[in-house]
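To start, the structure under review is shown below, and the notes come after it.
Readers should treat all values here as calculations from the given coordinates under stated rules, not as data from a laboratory. Note that the structure is a prediction, hence the values are computed from the model and not measured. Cβ coordinates were reconstructed from backbone atoms using ideal geometry, including for glycine residues, and neighbour counts include every protein chain displayed.
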Amino acid sequence: MTNERAASAATAPTDDELRERLTAAEYAVLREAATERAWSGELLDEDRAGLYACKACGNDLFVSGTKFDSGCGWPSFFDVIDESAVRLLPDLSLGDERTEVRCARCDSHLGHVFPDGFGTPTGDRYCMNSLALDFEAR
């Protein structure tokens with residue numbers, strides 16, 4: 001873990017700190033629940049071994065072995081590193097019920113989870129915004 005990530009992992013950053021550190025697009029996704037455009041994320045095609053963490057606070061979320069190509073246009077994972085790493089909340093914002101995924105440490109929006117990860121060990125598809133994640137190759 002880098003020193004910067006270790007420091008940010010100790011406490012959840014404030015919105016003011018995040019406004020200073022993140023790009024406008026990252027802030028919009030993480031703190032305002034925006035969604036990046038499909039097929040635009042840097043981490044979509046990332047295939048190296050490593051760890052995915054919350055870009056806002058450094059909370060470890062996913063290991064590369066759970067990432068799969070779902071064809072949806074966003075990085076997809078079939079399981080979280082630990083169930084306590086995320087909070088799952090009902091999301092009715094588009095008229096249909098979806099399940100929002102938020103970082104359990106800093107309450108940042110990460111994406112959504114869907115029960116359509118066919119062929120995966122869990123049957124789930126955690127559909128994440130690249131802008132919400134940091135990747136550390138291992």
To the nearest 20 debye, the chain has a Cα-centred charge dipole, built from +1 on Lys and Arg Cβ and -1 on Asp and Glu Cβ, of 140
Mind running the shape call on the range 1-116? Use the C-alpha gyration tensor, a ≥ b ≥ c as the square roots of the eigenvalues: rounded below 1.5 for a/c, prolate if a/b tops b/c, oblate otherwise. rounded
According to the Cβ-distance criterion of 4.7 Å, cysteines of the chain with no possible disulfide partner are 72, 127
What ranking do 125-131, 65-71 get when scored by the average of other Cβ atoms within 10 Å per residue, highest first? 125-131, 65-71
Label point at residue 25 placed 7 Å out along Cα→Cβ; residues across the range 97-138 whose backbone nitrogen lies under 16 Å: 128-135
Expressed in nm to one decimal, what extension gain is obtained for the pair residue 114 and residue 97 from 0.36 nm per residue of sequence separation less their Cα-Cα distance? 5.1 nm
Relative packing of 42-50, 107-115, 28-36, which averages over residues the other C-beta atoms within 10 Å, highest first: 107-115, 28-36, 42-50
Would you work out if the range 67-121 is rounded, prolate or oblate? Take a ≥ b ≥ c from the square roots of the eigenvalues of the alpha-carbon gyration tensor; rounded if a/c is under 1.5, else prolate when a/b is larger than b/c, oblate otherwise. oblate
Run the helix sum for the chain: -39,500 (n - 2.57) per DSSP H stretch of 4+ residues, divided by residue count, reported at 222 nm to the nearest 500 deg cm²/dmol. -4500 deg cm²/dmol
